[in-house]
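**Q** One structure follows; several queries about it will come next.
The values are calculated or read from the model by the stated rules, or taken from the named source; none is laboratory data. Computed from a predicted model, the values in this text were never measured in an experiment. When we count neighbours, we look across all protein chains shown, and the Cβ atoms used for this are built from the backbone with ideal geometry, even at glycine. Each accessible area value is taken on the protein alone, full model and side chains, heavy atoms only, with ligands, DNA and RNA left out. Shrake-Rupley method; radii C 1.70, N 1.55, O 1.52, S 1.80 Å.
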Amino acid sequence: MKIKTRFAPSPTGNLHIGSIRTALYSWLFARHNRGIFILRIEDTDEERYQKKFVKAIIDSLNWLKIDWDEGPYYQTKRFDRYNDIINNMLNKGTAYKCICSKERLDNLRKSQIINGQKPRYDGYCKTKYNLSNNIPHVVRFSNPQEGYVIFNDEIRGRIKFNNKELDDLIIRRSDGYPTYNFCVAIDDWDMGITHVIRGEDHINNTPKQINILRAVGANIPTYAHVSMIFGPDGKKLSKRHAAIGILQYRQQGYLPEAILNYLIRLGWSHKNKEIFTVSEMINLFTLNKVSKSPSIFNINKLKWINHHYINTLPAEQIAKYLSQYMNIDCDSKLIKIVEVFGKGYKTLQEISKSCNYCYENFFELNIDCANKYLNYSNYKLLESIRSKLLLTCNWNSENIHEIILNTSKELKVNMNIVCMTLRVAITGNDSSPSINKIIELIGLKITVSRIENALDFIKNIKILK
Ligand SMILES: [Zn+2]
């Protein structure tokens with residue numbers, strides 16, 4: 001049997017951490033078993049569905065390199081198929097039209113609650129055959145009255161539901177739209193899904209879907225329900241704890257490698273191993289090691305893993321991510337920047353903030369630093385360094401260091417003051433890696449123009465005085 005799994009999000013919001021984790025587990029399970037992974041967009045919820053969220057789903061998966069073999073399928077394009085099946089079910093008596101008014105249903109519900117019963121439809125219309133299509137109606141599934149639905153969840157073990165507890169659920173609304181659980185069951189059948197891996201919030205949908213699948217004579221897939229993700233306070237993960245949307249993590253400068261690595265470990269383990277390449281994930285992933293208990297989201301661990309990847313991936317790779325992040329060219333200059341700046345930082349955002357003055361568009365002069373260092377007593381040293389740099393034959397950090405050192409000796413100015421003055425002039429701020437390395441990186445042209453701007457700044461102060 002060829003394994004086939006699916007990721008089936010509803011485009012009603014940005015994909016959150018939990019959804020991406022189930023996508024990852026479904027994808028890994030398919031890849032581990034050399035099976036097929038499909039993407040299905042469950043867009044039947046017309047009111048909440050938005051096109052921009054479909055794009056966000058596809059962007060998120062592409063960013064994380066979770067690739068699909070089939071799809072994206074859209075439920076809204078399959079209405080003919082759903083209606084064919086509903087009509088067949090009406091003929092066979094596994095579904096029926098219900099013409100109950102809202103008033104009747106409200107009264108039914110009230111009286112059931114008063115009598116301490118679980119509110120459910122009472123089957124009033126089940127025996128009313130041959131109702132005309134012209135009368136407004138919904139179509140209900142005729143759920144079995146007796147027995148149990150039992151399934152073996154790959155993560156949670158045996159789960160049992162009493163049919164008496166299940167409702168005759170509406171499978172087509174009065175406006176002609178088929179409903180969620182029905183579409184999901186039919187899709188899983190039509191698409192040959194062998195393993196449904198999804199969040200545990202779907203457990204209560206599973207017996208409904210199994211009963212529908214049985215009624216249409218379909219195979220029942222294997223189910224695996226992944227636990228919830230909680231915040232550190234033990235409450236369901238929400239915006240209070242951390243960013244929820246996965247694309248926010250891209251904006252904050254996390255690497256796809258780090259997100260995947262963090263998410264696989266959030267609820268799955270292999271010995272004490274923390275760092276997994278994608279091919280290791282594919283080789284090692286099995287459902288029986290997925291935890292039954294809820295996972296606790298920990299932003300510091302995600303940062304730690306991100307730092308690990310920034311530290312260990314080749315500079316070329318980090319430069320590629322950084323160029324996308326900062327929207328600049330990925331060239332040899334950027335690779336050198338990563339080599340000079342890269343190691344200490346936890347996110348691309350941090351690297352970007354620290355190194356952006358290496359590019360003309362991002363330069364910003366910190367006025368406090370400028371007032372402290374760009375004053376008339378340092379005018380001469382900046383001028384001297386500018387002249388020497390213009391005459392340099394070999395543009396490298398060693399020669400630049402020589403120039404700085406010689407200027408310090410010639411003008412009898414403390415080396416620390418020379419470096420700080422130069423640093424403020426060139427980077428706009430008072431902290432950076434070795435200034436000779438920065439000057440080498442940004443090149444003669446930008447360096448000289450910034451020194452000249454600093455000299456102008458000093459002149460202007462003098463005029464003002
Ligand atoms: Zn009815």
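**Q** Set Lys and Arg Cβ to +1 and Asp and Glu Cβ to -1, take the dipole of the chain about its Cα centre, and tell me which of Tyr321, Gly344, Thr286 lies farthest positive.
**A** My answer, from the dipole projection, is Thr286.
**Q** Just to be sure I understand the curve: with the Debye formula and one point per C-alpha of the chain, what is log10 I(q)/I(0) at q = 0.06, 0.07, 0.09 Å⁻¹?
**A** -0.44, -0.55, -0.74
**Q** Starting from the residue with the highest accessible area, list Phe230, Phe297 in decreasing order, probe 1.4 Å.
**A** Descending accessible area places them as Phe230, Phe297.
**Q** If you don't mind, there's one more thing I want to ask. When ranked by the protection proxy of mean other Cβ atoms within 10 Å per residue, highest first, what sequence do the peptides 433-441, 412-420 form?
**A** Working: 433-441: 20.0, 412-420: 14.0.
Result, highest mean Cβ count within 10 Å first: 433-441, 412-420.
**Q** Farthest toward the dipole's positive end in the chain, which of Leu255, Pro9, Ile461, given Cβ charges of +1 (Lys, Arg) and -1 (Asp, Glu) about the Cα centre?
**A** Pro9
**Q** Mind giving me the nanometre distance, one decimal, between the label points for Glu410 and Asn371, set 7 Å out from Cα along Cα→Cβ?
**A** 3.2 nm
**Q** Would you please give the FRET efficiency between Lys126 and Thr12, computed as 1/(1 + (r/R0)^6) with r the Cβ-Cβ distance and R0 = 45 Å, to the nearest 0.05?
**A** Given R0 = 45 Å and the Cβ-Cβ separation, E is 0.85.
**Q** Only loop residues by DSSP count here, and only those with at most 14 other Cβ atoms within 10 Å; note down the trypsin sites (Lys or Arg not before Pro) in segment 176-280 that meet that.
**A** Details: sites: Arg198, Lys208, Arg214, Lys235, Lys236, Lys239, Arg240, Arg250, Arg265, Lys271, Lys273; in loops: Lys235, Lys239, Arg240, Lys271, Lys273.
Filter output for segment 176-280: Lys235, Lys239, Arg240, Lys271, Lys273.
**Q** I would also like to ask the following. Could you give the length gained by full extension between Ala242 and Ser397, i.e. 0.36 nm per residue of separation minus their alpha carbon distance, to one decimal place? If you can, show how the numbers build up before the last one.
**A** Numbers: separation 155, 0.36 × 155 = 55.80 nm, distance 4.18 nm.
Extending this stretch completely gives an extra 51.6 nm.
**Q** For a paramagnetic label modelled at 7 Å from the Cα of Leu390 toward its Cβ, which residues of segment 425-464 fall within the zone defined by backbone nitrogen distances under 13 Å?
**A** The answer is 445, 448-453, whose backbone nitrogens lie closer than 13 Å to the label point.
**Q** Is segment 16-106 best put as rounded, prolate or oblate by its Cα gyration tensor, with a ≥ b ≥ c the root eigenvalues, rounded for a/c under 1.5, and otherwise prolate when a/b is larger than b/c, oblate when not?
**A** Taking the square roots of the gyration eigenvalues as a ≥ b ≥ c, segment 16-106 is prolate.
**Q** Another question, then. 7 Å from Cα along Cα→Cβ at both Phe79 and Asp59: what's the point-to-point distance in nm?
**A** Inter-label distance under the simple model: 2.8 nm.
**Q** Measure nothing but the geometry: give the 0 to 90° angle between the long axis through the Cα atoms of 180-190 and the longest principal axis through the Cα atoms of the chain, rounded to 10°.
**A** Roughly 90 degrees, rounded to the nearest 10.
**Q** Sticking with this structure for a sec: In terms of modelled amide H atoms, which long-range or inter-chain residues lie less than 5 Å from the amide H of Phe230?
**A** Distant-sequence amide H within range of Phe230: Leu237, Ser295, Ile296, Phe297.
**Q** What 222 nm value per residue comes from the helices of the chain, counting each DSSP H run with n ≥ 4 as -39,500 (n - 2.57) and dividing by all residues, nearest 500 deg cm²/dmol?
**A** Value at 222 nm, helices only, nearest 500: -15000 deg cm²/dmol.
**Q** Under the 0.36 nm per residue contour assumption, what length would be gained going from the current alpha-carbon distance of Asn152 and Tyr177 to full extension?
**A** 5.8 nm
**Q** Using a simple charge model, +1 on the beta-carbon of Lys and Arg, -1 on the beta-carbon of Asp and Glu, nothing else, what dipole does segment 363-464 show about its Cα centre, in debye to the nearest 20?
**A** Computed about the Cα centre, the dipole is about 220 debye.
**Q** Tilt of helix 397-411 relative to the longest C-alpha principal axis of the chain, in degrees (0 to 90, nearest 10)?
**A** 40 degrees
**Q** Using +1 at the C-beta of Lys and Arg and -1 at the C-beta of Asp and Glu, which of Tyr74, Asn87, Leu390 has the Cα lying farthest in the positive direction of the dipole of the chain?
**A** It is Asn87, whose Cα lies furthest towards the positive end.
**Q** Taking the Cα centre of the chain as origin, sum charge times position over the Cβ atoms of Lys and Arg (+1) and Asp and Glu (-1), and report the length of that vector in debye to the nearest 20.
**A** Roughly 980 debye for the chain.
**Q** On a 0 to 90° scale, report how tilted helix 102-114 is relative to the longest principal axis of the chain, with both axes built from alpha carbons and the result rounded to the nearest 10.
**A** Roughly 90 degrees between the two axes.
**Q** For Glu274 and Glu47, calculate 0.36 nm times their separation in residues minus their Cα-Cα distance, and state this gained length in nm to one decimal.
**A** Length difference between fully extended and current span is 77.5 nm.
**Q** Set the Förster radius R0 to 41 Å, insert the Cβ-Cβ distance between Lys92 and Asn288 as r into 1/(1 + (r/R0)^6), and round the FRET efficiency to 0.05.
**A** Efficiency, from the Cβ-Cβ distance: 0.60.
**Q** Sticking with this structure for a sec: How large is the charge dipole for segment 210-258, taken about the Cα centre, if only the Cβ atoms of Lys, Arg (+1) and Asp, Glu (-1) carry charge, to the nearest 20 debye?
**A** 200 debye
**Q** How far apart, in nm, are two points set 7 Å out from the Cα along the Cα-to-Cβ line at Met228 and at Asn205?
**A** 1.7 nm
**Q** Just to verify a number: what accessible area does His241 come out at with the full protein assembly present, 1.4 Å probe, Å² rounded to tens?
**A** 50 Å²
**Q** List the Cys residues of the chain that have no partner Cys with a C-beta closer than 4.7 Å.
**A** If one checks each Cβ against the other cysteines of the chain, Cys100, Cys183, Cys330, Cys355, Cys358, Cys369, Cys393, Cys419 turn up with nothing under 4.7 Å.
**Q** A further question on this structure: Principal axis extents for segment 314-465, Cα atoms only, whole Å, descending order, please.
**A** So the three principal-axis extents are 47, 34, 24 Å.
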